[in-house]
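The values are calculated or read from the model by the stated rules, or taken from the named source; none is laboratory data. On a predicted model such as this, the values are computed, not experimentally measured, just so you know. Positions of Cβ are generated from backbone atoms using ideal geometry, with glycine treated the same way; all protein chains shown enter the neighbour counts. What goes into the accessible areas is simple: the full protein's heavy atoms, side chains included, and nothing from ligands, DNA or RNA. Shrake-Rupley method; radii C 1.70, N 1.55, O 1.52, S 1.80 Å.
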Amino acid sequence: MDRIRIVGGSKLNGTIPISGAKNAALPLMIAGLLTDETLILDNVPRLADVAQLQRILGNHGVDIMSAGKRPGDHEYQGQTLHISAANIIDTTAPYELVSKMRASFWVIAPLLARMHEAKVSLPGGCAIGTRPVDLLIMALEKLGAELTIDGGYVIAKAPGGLKGAEIDFAKVTVSGTHVALMAATLAKGTTVITNAACEPEIVDVADCLNKMGARITGAGTTTITVEGVAKLHGTRHTVLPDRIETGTYAMAVAMTGGDVQLSGARPELLQAALDVLVEAGATVTPNNDGIRVARNGAGIKPVNVSTAPFPGFPTDLQAQLMALMTTAKGSSNITETIFENRFMHVQELARFGARIHLDGETATIDGTAKLRGAPVMATDLRASVSLVIAGLVAEGETMVNRIYHLDRGFERLEEKLSACGATIERISG
Ligand code: UD1
């Protein structure tokens with residue numbers, strides 16, 4: 001199994017290109033199931049989760065062509081995928097595939113909408129809490145589907161097709177909103193989704209669906225209205241930049257000091273996180289090419305932060321912020337409100353000498369002047385990268401084990417960081 005070796009102590013200086021957003025690319029690829037025409041997606045990140053979803057869609061009979069690089073293309077531009085679900089040959093998504101990636105459960109929505117049936121294994125994915133699918137099931141039932149659970153599978157049927165409905169989410173849910181949105185596009189009549197998630201990835205998917213002929217208004221607000229249409233067609237869409245990757249590298253720069261241009265980043269996608277970084281002592285300057293982040297001289301100031309649905313501080317940056325706060329001058333509090341049990345990184349950060357006390361959903365971090373390198377274990381996607389951030393300033397050598405989590409969500413992490421002066425390498429085997 002690959003590992004990452006880091007020798008801490010170097011400042012980051014240079015340019016980091018930001019990839020397409022994993023959390024938009026996955027639902028966009030799944031939306032390809034809604035039409036028998038070709039959906040072309042540009043700027044798709046080269047990640048293990050994307051490759052895994054290609055296998056899952058392939059199992060349903062979807063042809064995916066990945067266009068090669070053309071002369072003049074930047075060596076590391078995101079890939080272009082041509083997704084063609086002309087013939088759906090199988091409406092079952094098996095356990096062996098779905099259990100590896102939670103978001104693949106969402107195929108249930110387009111399959112039901114277009115084929116009026118689906119059999120999808122209950123999901124697996126990151127171990128960051130119980131992560132039920134009750135709200136997704138509620139949304140599909142509201143749209144007229146009959147759902148039963150048998151042998152670990154959700155079996156869904158809508159013999160006459162889905163029908164528009166009012167869907168009110170008791171809790172803000174990204175997965176629930178994606179599923180409701182996709183399913184409603186081909187339902188008969190109007191669907192109104194209230195307490196919808198406002199995440200930029202929802203807006204990106206809604207934009208793409210509208211280009212495919214869907215009639216969606218209100219995406220990005222808490223009320224989304226969908227007028228069902230009989231058929232969707234192909235289109236071409238560019239995946240928006242990854243705000244979590246942007247925030248992660250911004251925190252890495254704040255941690256090590258230095259000056260880095262995050263090329264292609266869009267500040268409005270992560271304003272809450274950028275505000276926290278400024279409070280912590282970083283300089284954040286939006287410009288034409290993205291965002292420049294620097295920290296020169298000044299130490300890291302402690303902050304108090306709670307995670308929240310967009311536009312609040314994202315739970316997917318909670319572990320990275322905690323790594324940053326381990327070397328702050330004083331005591332910080334970080335409260336996790338989205339996922340219970342999303343604190344697996346606390347034990348691992350302690351291996352660097354970090355002082356973190358957990359009390360329910362709140363972690364109190366007492367900043368320490370120095371972290372020391374250690375062997376650590378990646379546990380979930382975002383937790384893994386918090387260990388990399390700690391390793392970048394820790395004295396001596398850090399070895400991050402089990403990095404397949406990192407490969408699920410961060411494209412060429414070690415190359416992007418070493419190009420900015422970090423001593424970081426992948427050790428194969
Ligand atoms: C998505 C993101 C993930 C991010 C999360 C919150 C993708 C692929 N993943 O995950 O990176 O951390 O949003 O921003 O986009 N819940 C229920 N019942 C349900 C569904 C959700 O109780 O049926 C709960 C969850 O357990 C959690 C909360 O709702 O406590 C939010 O979950 P949700 O927004 O659905 O997260 P995901 O879509 O799984």
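What to note about this one:
- Remark on region 14-61: Rg and Dmax equal 12.2, 44 Å (Cα only).
- Cα gyration tensor, region 268-318 - rounded (a/c under 1.5), prolate or oblate: oblate
- Per the Debye calculation on region 271-414 with a single equal scatterer at every Cα and no solvent contribution, log₁₀ I(q)/I(0) for q = 0.18 Å⁻¹ amounts to -1.10.
- A Förster radius of 22 Å combined with the Cβ-Cβ distance from residue 370 to residue 331 puts the calculated FRET efficiency at roughly 0.85.
- Apportionment of accessible area to carbon and sulfur, region 228-311, percent (1.4 Å): 52 percent
- Reach of residue 370 by Cα under 12 Å, taken over aspartates and glutamates that are not fewer than 8 positions away in the same chain: 395
- When the chain is described by a simple charge dipole with +1 on each Lys and Arg Cβ and -1 on each Asp and Glu Cβ, the residue from 122, 162, 298 located farthest towards its positive end is 298.
- For region 217-311, the residue among 285, 272, 232 whose Cα projects farthest onto the positive side of the dipole built from Cβ charges is 232.
- The calculated FRET efficiency for the pair residue 63 and residue 168, based on their C-beta separation and a Förster distance of 35 Å, comes to about 0.40.
- The Kirkwood hydrodynamic radius of the chain, based on inverse pair distances between different Cα atoms, is 22.0 Å.
- Whole-Å semi-axes of region 22-238's equivalent ellipsoid (Cα gyration tensor): 25, 19, 17
- Taking the three principal axes of the alpha carbon atoms in region 117-218, the coordinate ranges are 37, 35, 24 Å, sorted in descending order.
- Restraint check, 100/157; 100/171; 142/211; 22/188; 22/163; 22/119, Cα-Cα greater than 28 Å: 22/188; 22/163
- Largest-first principal axis extents, alpha carbons of region 195-350, Å: 59, 37, 23
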